[in-house]
Amino acid sequence: MTGPEGAAAVSVVVADDHPMWRDAVARDLTDAGFDVVATADDGPSAVNRTLATRPDVLVLDLNLPGLRGDQVCAAIVRAQIRTRVLILSASAEQRDVLEAVKAGATGYLLKSAGRDELLDAVRATAAGKAVFTAGLAGLVLGEFRRLAVEPRHRDGREVPELTGRETEVLKLVATGMSYRQIGSYLFISHRTVQNHVQNSLNKLQLHNRVELVRFVIAKGLDTPT
């Protein structure tokens with residue numbers, strides 16, 4: 001399936017245990033040109049169908065039978081596939097939001113959001129941008145910065161220092177820019193960008209871009225100087 005001007009449509013899996021809500025979300029996405037490749041009504045199905053289809057975005061409810069949404073999200077992250085997770089939940093509870101983001105969710109949208117807001121959120125999530133319902137972004141930023149007060153790994157070792165160029169690249173990664181876009185912006189090759197990102201991952205003992213974005217937020221590197 002292709003979108004406007006022949007571009008590949010954003011592929012999506014929708015997971016929610018309420019049939020009317022699940023079908024409505026899937027229909028809105030399909031009508032807007034997204035490629036809904038599967039739906040799921042419980043946690044295990046959400047994991048299995050996401051791993052089978054590897055969509056760009058998993059739109060995921062938190063309160064699923066079998067596995068909670070944050071457990072589903074963690075399973076997707078462990079699989080190291082390209083799929084990004086957008087939580088679509090009725091809960092604005094701090095605990096729910098933070099558990100989902102810590103598990104690897106790229107964004108968190110409340111079910112009170114309008115149709116256009118949902119569509120924009122799925123597009124942004126597919127592009128690697130963090131998306132949050134108004135009021136929730138500050139909560140997440142505050143928590144990650146609190147966790148970053150003590151700059152140590154979990155095993156107690158000091159976090160190594162990044163070079164100036166590595167820090168510069170990570171700030172741009174956090175904006176959702178591709179490696180080629182970053183390379184053009186910094187006048188370096190995209191392979192050099194990849195090398196800087198990989199070096200940063202190795203130094204920080206992180207595994208993917210989502211974790212790098214969290215690091216940038218936690219260290220306050222996203223704050224303009």
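Kindly report the accessible area of the stretch 1-86 per residue (heavy atoms of protein chains, probe 1.4 Å, no ligands, DNA or RNA), in Å².
I get 48 Å² per residue for this part.
Once the piece of chain linking Glu161 and Gln94 is laid out straight, how much longer is it, given 0.36 nm per residue of separation minus the C-alpha distance between them?
So the extension gain works out to 21.0 nm.
Treating only the Cβ atoms of Lys and Arg (+1) and Asp and Glu (-1) as charged, compute the dipole magnitude of the stretch 79-123 about its Cα centre; round to the nearest 20 debye.
200 debye
What FRET efficiency comes out for Glu168 versus Ala52 if R0 is 45 angstrom and r is the Cβ-Cβ distance? Round to the nearest 0.05.
Efficiency computed from Cβ-Cβ geometry: 0.75.
Take Asp31, project a point 7 Å from its Cα along the Cβ direction, then tell me which residues of the stretch 83-122 have their backbone nitrogen under 19 Å from it.
111-122
Sort the stretch 1-92 into rounded, prolate or oblate with this rule: let a ≥ b ≥ c be the square roots of the eigenvalues of the Cα gyration tensor; rounded if a/c is under 1.5, and if a/c is not under 1.5, prolate when a/b is larger than b/c, oblate otherwise.
Cα axes put the stretch 1-92 in the oblate bin.
Taking the stretch 55-110 on its own, what percent of its Cα-Cα pair distances exceed 17 Å?
24 percent
Taking 7 Å along the Cα-to-C-beta vector as the label spot, tell me the Arg78-Lys111 distance in nanometres, rounded to one decimal.
Each label point is offset 7 Å from its Cα along the Cβ direction, giving 2.7 nm.
The values are calculated or read from the model by the stated rules, or taken from the named source; none is laboratory data. Values in this document were obtained by computation on a predicted structure and should not be read as measured data. Here the Cβ is made from the backbone with ideal geometry for all residues, glycine too, and neighbour counts use every protein chain on show. Surface accessibility is based on the protein's heavy atoms, side chains included, excluding ligands, DNA and RNA. Shrake-Rupley method; radii C 1.70, N 1.55, O 1.52, S 1.80 Å.
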